[in-house]
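Q: Structure below; questions to follow.
The values are calculated or read from the model by the stated rules, or taken from the named source; none is laboratory data. Bear in mind that the values here come from a model prediction, so they are computed numbers and not experimental data. For neighbour counting, all protein chains shown are included, and Cβ atoms are generated from backbone atoms with ideal geometry for every residue, glycine included.
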Amino acid sequence: MVGLGKMGLSHLAIVRAHPDVELVAACDTTTYLTDILTKYSNLKCYASFDEMLAKEQLDALLVATPSTLHAGMVTKALERGLHVFCEKPFVLDSNDGQRLVDLAEQKGRVSQVGYHYRFVGAFKEAARVVKSGALGKIHHVRAEAYGPVVLRQKGMTWRSAKNQGGGALYDYACHAIDLVNFVFEAPTSVHGSVLNRIFSNDVEDEVYCSFEFADGASGQLAVNWSDESYRKMSTKISVWGTNGRITADRQECQIFLREPHPSLPGIEEGWTVRYTTDLTEEVWYYLRGEEYSAQIDYFVQSIKEKRTNGQNSFKSALATDKIVEMILSESETGEKAPVPAARAASRTDRKGLIGKLFS
């Protein structure tokens, strides 16, 4: 793996605990960190990514570096025939993303991006209910993320530098956008985008915009990582249909039906609440949340099963990246931005992926 920051160290612990994986090497330029890991955990560490690739016989690579480095590192890994798990956001330029989607398909390699909310029980249940048709015709979707990440003026890090892929849009709004794609479908256009700075100098701290969908539904995105009224970053998605509504966050999935629906046996008229604790399968190793281990295990099982079209592939992550680009473009020009037609798999393909994930 490459990148031993906050997410990288979490991934390192999870991967080393996985019964089917041998972590043979890691790479990071922070020598005091790699020296400690080498001394106390016997992990072979490199300061040079190219040297690690040249010297080690690898099957797969996990990339947890700043976003601006993703495209180059993923390219080198795929060219060597490695399966790749890359942290989100996938890339900062959708042209790079499309090239990597094509390269992964050409090489027949497993690809996955770290949108871990797709492995949270309540969000998986929300996607299942929406896809079932029980809510009727969907007419509105709202995705939100709020929390106390940036609460004062602070020194520069890659997360606060625009050219490094920092900011609330790339760091947190991308999760909410990916949930919209996962639970419902990708929007066809973006308008009314607002990117505001509160404490940051180079990047936005809050993001607001409206979506339009192919079937006429509308949507809203609201993200603020400078909201101290939340104890920690919290993400929620709500979907309204002609027969009801569903709201899900990490803790629970609230379902309201005007009338019972045959696709949801046991769920009656009115409110039903299903909790993540009842919807989540036990994992072999817990760190921060079951979803973090679950996504790594899914990547490992995809490699073992040669599943190259699984959940959170480069292709689905590219769909999210393209919507991010549209928000940036629309916020600068003020002109409604259509999402490129090749943004993602078809609705039929997405339903197939949902079925595979729940099977």
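Q: In the list L61, L103, L53, which residue meets the criterion of being modelled with pLDDT of 95 or more, in contact with a His (Cβ under 8 Å, 6 or more places away or on another chain) and either of a type outside the set (A, V, I, L, M) or at negative phi (or both)? I'd like the intermediate steps shown before the answer.
A: Numbers: L103 fails: in contact with a His (Cβ under 8 Å, 6 or more places away or on another chain); L53 fails: in contact with a His (Cβ under 8 Å, 6 or more places away or on another chain).
Going through L61, L103, L53 in turn, just one is modelled with pLDDT of 95 or more, in contact with a His (Cβ under 8 Å, 6 or more places away or on another chain) and either of a type outside the set (A, V, I, L, M) or at negative phi (or both): L61.
Q: Another question about this same structure. Considering every residue within the stretch 200-213, establish whether at least one is of a type in the set (V, I, T), surrounded by 16 or more Cβ atoms within 10 Å (Cβ to Cβ), in a loop (DSSP other than H, G, I, E, B) and out of contact with any Leu (no Cβ under 7 Å at 6 or more places or on another chain). Spell out the reasoning first.
A: Of the residues in the stretch 200-213, the ones of a type in the set (V, I, T) are 203, 207.
Still in the list and also surrounded by 16 or more Cβ atoms within 10 Å (Cβ to Cβ): 203, 207.
Adding the requirement that they be in a loop (DSSP other than H, G, I, E, B) leaves 203.
Keeping just the survivors that are out of contact with any Leu (no Cβ under 7 Å at 6 or more places or on another chain) gives 203.
Yes: the stretch 200-213 contains one or more residues that are of a type in the set (V, I, T), surrounded by 16 or more Cβ atoms within 10 Å (Cβ to Cβ), in a loop (DSSP other than H, G, I, E, B) and out of contact with any Leu (no Cβ under 7 Å at 6 or more places or on another chain).
Q: Here's another thing I want to ask about it. Those residues that are surrounded by 23 or more Cβ atoms within 10 Å (Cβ to Cβ) and among the polar types (S, T, N, Q), I need them from the stretch 216-255; list them, please.
A: Hit for the stretch 216-255 is N224, nothing else.
Q: Something else about it: Does K39 satisfy the condition of being within 21 Å of C174 (Cβ to Cβ), charged (D, E, K, R), free of Cβ contacts under 8 Å to residues at least 24 places away in the same chain and surrounded by fewer than 16 Cβ atoms within 10 Å (Cβ to Cβ)? Can you show your working first?
A: Working: within 21 Å of C174 (Cβ to Cβ): no; charged (D, E, K, R): yes; free of Cβ contacts under 8 Å to residues at least 24 places away in the same chain: yes; surrounded by fewer than 16 Cβ atoms within 10 Å (Cβ to Cβ): yes.
Criteria not met by K39.
Q: Given (1) of a type outside the set (G, A, S); (2) closer than 27 Å to T65 by Cα; (3) modelled with pLDDT of 95 or more, identify the lone condition not met by R159.
A: Among (1) of a type outside the set (G, A, S); (2) closer than 27 Å to T65 by Cα; (3) modelled with pLDDT of 95 or more, R159 violates only (3).
Q: Would you be able to say whether some residue in the stretch 164-187 is surrounded by fewer than 21 Cβ atoms within 10 Å (Cβ to Cβ), over 19 Å from the mean Cα position of the chain (by Cα) and either on the phi > 0 side of the Ramachandran plot or at pLDDT below 95 (or both)?
A: no
Q: Is it fair to say H70 is of a type outside the set (G, A, S) and in contact with a strand residue (DSSP E or B) (Cβ under 7 Å, 6 or more places away or on another chain)? Give the steps one after another, and end with the answer.
A: Details: of a type outside the set (G, A, S): yes; in contact with a strand residue (DSSP E or B) (Cβ under 7 Å, 6 or more places away or on another chain): yes.
Yes.
Q: When you scan the stretch 3-17, do you find a residue that is of a type in the set (V, I, T) and exposed (fewer than 15 other Cβ atoms within 10 Å of the Cβ), even just one?
A: Step one: list which residues in the stretch 3-17 are of a type in the set (V, I, T), which gives 14-15.
Keeping just the survivors that are exposed (fewer than 15 other Cβ atoms within 10 Å of the Cβ) gives none.
Checked against the condition, which is being of a type in the set (V, I, T) and exposed (fewer than 15 other Cβ atoms within 10 Å of the Cβ), the stretch 3-17 yields no hits at all.
Q: A further question on this structure: Give the residue, chosen from R197, R128, R142, that is surrounded by fewer than 21 Cβ atoms within 10 Å (Cβ to Cβ) and more than 22 Å from D321 (Cα to Cα).
A: Values: R197 fails: more than 22 Å from D321 (Cα to Cα); R142 fails: more than 22 Å from D321 (Cα to Cα).
After applying the criteria, what remains is R128.
Q: Can you give me the number of residues within the stretch 81-107 that are part of a loop (DSSP other than H, G, I, E, B), among the aliphatic types (A, V, I, L, M) and touching a residue at least 60 places away in the same chain (Cβ under 8 Å)?
A: First pass over the stretch 81-107, keeping only residues part of a loop (DSSP other than H, G, I, E, B): 81-82, 87-93.
Still in the list and also among the aliphatic types (A, V, I, L, M): 82, 91-92.
Then drop every residue that is not touching a residue at least 60 places away in the same chain (Cβ under 8 Å), which leaves 91-92.
Of the residues in the stretch 81-107, 2 are part of a loop (DSSP other than H, G, I, E, B), among the aliphatic types (A, V, I, L, M) and touching a residue at least 60 places away in the same chain (Cβ under 8 Å).
Q: Sort out which residues of the stretch 42-56 are free of Cβ contacts under 8 Å to residues at least 12 places away in the same chain and either within 21 Å of I296 (Cα to Cα) or among the small types (G, A, S) (or both), and write them in order of number.
A: Answer for the stretch 42-56, where residues must be free of Cβ contacts under 8 Å to residues at least 12 places away in the same chain and either within 21 Å of I296 (Cα to Cα) or among the small types (G, A, S) (or both): just A54.
Q: Name the helices (runs of 4 or more DSSP H) wholly within the stretch 1-72 that hold at least 3 residues that are within 24 Å of W284 (Cα to Cα)?
A: Numbers: elements: 6-17, 31-41, 49-55.
Here the list reads 6-17, 31-41.
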